[in-house]
Amino acid sequence: MRAAKSFIWGEKGSSMTERIYIPLLDEGTNVWRPVEAQKVGPDTYLIPTGLDPKANGEEWEFPPGSTVVCQPRKTADGTILAAVRLADRGRKAI
């Protein structure tokens, strides 16, 4: 069974978002925070900068403003699109 995808068009109609799940740190078990992130590549998403994990007492593995690679992950609740690592932005050394 495939995971259902949820796409939401931004206000300007030019940016597509999709729900991704970010791992939380220091929870004692696997806990995921769902966020609507901007799709910037085939498996790559930009986590919005306007979010404040600390307001909910959370520590995210990937902070707001990060570009992450996502992959499907099976959980007890079904398959989610999980952030698994930071994306390589092709940064050049200064």
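Computed from the coordinates by the stated procedures, all read-outs in this text should not be read as laboratory data. Quantities reported herein were computed from a predicted structural model and do not represent experimental measurements. Don't worry about glycine lacking a Cβ; one is built from the backbone with ideal geometry, like all the others, and counts go over all protein chains shown.
Some notes on this structure:
- For the stretch 16-70, the dipole from Cβ point charges (+1 on Lys and Arg, -1 on Asp and Glu) about the Cα centre works out to 180 debye, to the nearest 20.
- For the stretch 7-86, the residue among G50, A76, V40 whose Cα projects farthest onto the positive side of the dipole built from Cβ charges is V40.
- Label-point gap, in nm, between V84 and D52 - each point 7 angstrom along Cα→Cβ: 3.4
- Principal axes of the stretch 7-86: Cα extent on each, largest first, Å: 40, 28, 21
- Neighbour-count ranking [beta-carbon atoms within 10 angstrom, fewest first] of I20, I80: I80, I20
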